[in-house]
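The values are calculated or read from the model by the stated rules, or taken from the named source; none is laboratory data. Note that the coordinates shown come from a computational prediction; the quantities given were computed from them, not determined experimentally. Ideal geometry is used to build each Cβ from the backbone, glycine not excepted, and the neighbour counts take in all protein chains shown.
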Amino acid sequence: MDKNKIGVFANKVYGDMAGAMAVGMAYLGVKCGLFKTMNAKGPMSKSEVVQASGLQARYVDEWLKGMTAAGYLDYDKSAETYSLSEEHAYLLCSEGTDHFMGGLFYFAPALLSVAPRVAEAFKSGGGVPFDAFGPECLLAIDMINAGMYEQRFANYWLAKMPDVHARLAAGGRVLDMGCGVGRVGIAIAKAFPKCEVVGVDLDKRSIAEAETKARAAGVEGRARYVASPVASLPREQPFDLITACDCVHDFSTPEKTLREIRALLKPDGALFVVEPKAADKLEDNCHPIGAMFYGFSIFHCMTQSLANNGPGLGTAMGPKKTEEVLRAAGFGRFEALDIRSQTNVFYAARP
């Protein structure tokens, strides 16, 4: 054996474990407000952080040291002060923006909490259904997506389909498939006041939260949410646009569900699909985002589909498979949209 290779790999394992612990500590930084406490404050002593945060001194002390070791905070050893740089704060203290990364720190503990159940599924089959994940999983998904949907969806992403954008401005009908807590529907209702928006999701907790958010946004009259399968919607009132954001790869019956979606579209309507930005070939996914997506798949997306006897397409389904399942469902036109994103890819499919 190559002893040097053993040593290199041992260091990688330590690095991966350090990354997992850094995510856990960053979760505490977001949840307990420590990053916000330090934001734009410059160098702070341990006691100043304790006093400003109102948290327990011993925990804060260890957190400051851990976040420094992980590279999240800067430390001045002569002054014994800690600081959060402007660049790091841009990603850590910007909830509600399109660049906030704090939701990822919530997502990891939620996913790993079901690891024992996933391990059992490796042995006996099946998977972990969505309702097995705790409330912080819903919160994490919302934190990851909320800013992007609010700031990019209507007037950047949908603008890449000018005919659809114009139709919505004039007053069209929109269906948001797998709507979650309703952010897409709210963003569309706010941007297109003449539109009618319907969101559907099988998770009753998500629908209840979507209704609450729609009321808070003042669009409850134009954005309504239904906890039901898409097949239950009446075909007599077809839609100009149907959106499927980060959910096609989750479907337990992809072709059947997409056929039902297509049946709800007007003849000149469009399906707007957002999927994780993964390549078709494994060798092209061998990077941090690819590894992250495979983890998301095992602990969340794929296992949910398998729990419902689905095919488990997985988070890293890739563009080739995406096109394949859409065309199999009867969508005759399929195109990748020219929208820049580090983590997402966008498609328009038409009957």
Note to self: Looking at the stretch 160-175, can you tell me whether even one residue there is in contact with a helix residue (DSSP H, G or I) (Cβ under 7 Å, 6 or more places away or on another chain), part of a helix (DSSP H, G or I), in the same structural domain as R262 (by TED's automatic domain parsing) and farther than 21 Å from E220 by Cα?
What the structure shows: yes
Margin query: Quick test for you: out of Y72, Y90, pick the one residue that is free of Cβ contacts under 8 Å to residues at least 12 places away in the same chain, of a type outside the set (A, V, I, L, M) and closer than 30 Å to R152 by Cβ.
Written below: Y90
Check: Applying the selection to the stretch 287-319, what residues are of a type in the set (F, W, Y) and either on the phi > 0 side of the Ramachandran plot or free of Cβ contacts under 8 Å to residues at least 60 places away in the same chain (or both)?
Finding: F293, Y294
Check: Can you name every residue in the stretch 260-289 that is part of a helix (DSSP H, G or I) and surrounded by 16 or more Cβ atoms within 10 Å (Cβ to Cβ)?
Finding: E260, I261, R262, N285
Item checked: V50, sole failed condition from (1) touching a residue at least 12 places away in the same chain (Cβ under 8 Å); (2) surrounded by 18 or more Cβ atoms within 10 Å (Cβ to Cβ) -> (1)
Margin query: I'd like the residue in the stretch 73-97 that is surrounded by fewer than 16 Cβ atoms within 10 Å (Cβ to Cβ) and in contact with an Asp or Glu (Cβ under 8 Å, 6 or more places away or on another chain) and, out of all such residues, is modelled with the highest pLDDT.
Written below: S85
Margin query: Could you check the stretch 181-198 and list, in sequence order, the residues that are out of contact with any strand residue (DSSP E or B) (no Cβ under 8 Å at 6 or more places or on another chain) and closer than 19 Å to F346 by Cα?
Written below: R183, A187
Notebook entry, point to check: Yes or no: Q304 within 20 Å of F107 (Cα to Cα), part of a loop (DSSP other than H, G, I, E, B) and out of contact with any strand residue (DSSP E or B) (no Cβ under 6 Å at 6 or more places or on another chain)?
Noted result: no
Notebook entry, point to check: When the stretch 131-141 is examined, which residues are found to be closer than 15 Å to P109 by Cα and part of a helix (DSSP H, G or I)?
Noted result: A132, P135, E136, C137, L138, L139, A140, I141
Check: Given the conditions (1) under 30 Å from I298 (Cα atoms); (2) free of Cβ contacts under 8 Å to residues at least 12 places away in the same chain, which single one is not true for E62?
Finding: (1)
Next item on the list: Mind listing just one residue for me: the one in the stretch 227-250 that is modelled with pLDDT under 95 and surrounded by 16 or more Cβ atoms within 10 Å (Cβ to Cβ) and, of those, farthest from the chain's Cα centre (by Cα)?
Entry: L233
Notebook entry, point to check: When residues of the stretch 70-103 are filtered for being under 17 Å from V23 (Cβ atoms), outside any loop (DSSP other than H, G, I, E, B) and either in contact with a Phe, Trp or Tyr (Cβ under 9 Å, 6 or more places away or on another chain) or polar (S, T, N, Q) (or both), how many remain?
Noted result: 4
Notebook entry, point to check: Does R215 fit the bill of being surrounded by 19 or more Cβ atoms within 10 Å (Cβ to Cβ) and over 23 Å from P254 (Cβ atoms)?
Noted result: no
Notebook entry, point to check: Quick one: what pairs do we get from the stretch 332-351, first residue basic (K, R), second surrounded by 13 or more Cβ atoms within 10 Å (Cβ to Cβ), C-beta under 7 Å, 6+ apart or different chains?
Noted result: R333/A349; R333/R350; R350/A270; R350/F331
Check: Is there any pair with a first residue in the stretch 230-257 that is farther than 28 Å from I144 by Cβ and free of Cβ contacts under 8 Å to residues at least 40 places away in the same chain and a second that is aliphatic (A, V, I, L, M) and crowded, with 16+ Cβ neighbours inside 10 Å whose Cβ atoms are under 6 Å apart and which are 6 or more apart or on different chains, and what are they?
Finding: none
